[in-house]
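Asker: Got a structure for you, written out below as structure tokens; questions coming shortly.
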């Protein structure tokens, strides 16, 4: 079970890195820093409930 507790956070971090790099690679003719930050914030806020539920499940059932 300890292996899962190490691998799962690592996978979450890698997924967050991939999402962040994917968002920052996009070329825009009209770049707006505030809009980009808003979009990244929305994505992280959308992912957080799923991460919290999964982490809570792992902690409860371990």
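Asker: How many residues are under 19 Å from residue 12 (Cα atoms), loosely packed, with under 10 Cβ neighbours inside 10 Å and modelled with pLDDT under 85 if we restrict to segment 24-60?
Answerer: Residues that pass the stated criteria total 1.
Asker: Would you call residue 7 surrounded by 10 or more Cβ atoms within 10 Å (Cβ to Cβ), part of a helix (DSSP H, G or I) and out of contact with any helix residue (DSSP H, G or I) (no Cβ under 7 Å at 6 or more places or on another chain)?
Answerer: Working: surrounded by 10 or more Cβ atoms within 10 Å (Cβ to Cβ): yes; part of a helix (DSSP H, G or I): yes; out of contact with any helix residue (DSSP H, G or I) (no Cβ under 7 Å at 6 or more places or on another chain): yes.
In short, yes.
Asker: Let me ask you something else. Considering each residue of segment 10-58, count those that are touching a helix residue (DSSP H, G or I) at 6+ places or on another chain (Cβ under 9 Å) and part of a helix (DSSP H, G or I), and give that number.
Answerer: Residues meeting the conditions: 17.
The values are calculated or read from the model by the stated rules, or taken from the named source; none is laboratory data. Quick caveat, the model's predicted, so the values are computed rather than measured. Neighbour counts run over all protein chains shown; Cβ positions are idealised from the backbone, glycine included.
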